[in-house]
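Each remark here refers to the structure printed beneath this line.
Laboratory data are not the source of any read-out in this text; all were calculated from the coordinates shown. This is a predicted model, so every value here is computed, not measured. Neighbour counts run over all protein chains shown; Cβ positions are idealised from the backbone, glycine included.
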């Protein structure tokens, strides 16, 4: 199991946890990747915090959604809606995205079911996030896959990050990354 730490700014604020404290915890658990997600601040604040994260953490840093800030990161993670907002054809959307960010950057895509995994298998991406494994407070409308997550993960041609309510102690056969946010706090 490799740890992919989700640094959700809203969650950190709600628990009065600093980015520095979160990064310290992520390092304690040997996080291989950190994804920064911030749904509410302006792009200037997000850029400032990405610079701080880069100063604190020298592993892979992924930005959620804001691919225009790719110069401060190693890659971008998109949800299904975000991908389709680039282009209604997923293959074209990835081509457009790669033209914008370059071929040396990591691209991850959230998936939630077999159909989305099958589409992701045809895309030039680096990994998928699959879930939700359990219900979470940050994604209240997420479909919970539970024990079906590992079976679905076996269908992916890409490395899989289990997302949504994942704990460090969870065990999967076909999952590369445990994506954990609040479980680190």
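Summary of computed values
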| read-out | value |
| --- | --- |
| Difference of contour (0.36 nm per residue) and Cα-Cα distance, residue 29 to residue 185 | 55.0 nm |
| Among 104, 71, 87: highest mean-square fluctuation, GNM of the chain, C-alpha pairs under 10 Å | 104 |
| Kirkwood-type radius of the chain, with distances r between different C-alpha atoms, in Å | 16.5 |
| Which of 22, 60 has the fewest Cβ neighbours within 10 Å, and the rest in rising order | 60, 22 |
| Förster-model FRET efficiency, 35 Å R0, residue 114 and residue 92, C-beta, rounded to 0.05 | 0.95 |
| For segment 112-176, the Rg and Dmax computed from alpha carbons only, in angstrom | 11.2, 32 |
| Mean residue ellipticity (222 nm) of the chain, computed from DSSP H runs ≥ 4 via -39,500 (n - 2.57), nearest 500 | -9500 deg cm²/dmol |
| Gained length - residue 167 relative to residue 42, 0.36 nm times residue gap less alpha-carbon distance | 42.0 nm |
| Inter-site label distance for residue 21 and residue 58 at 7 Å from Cα along Cβ, in nm | 2.6 |
| Ordering of 109-118, 48-57 by burial proxy (mean other Cβ atoms within 10 Å per residue, highest first) | 109-118, 48-57 |
| Extension reserve of the residue 143-residue 13 stretch, reckoned as 0.36 nm per residue once the Cα distance is removed | 44.3 nm |
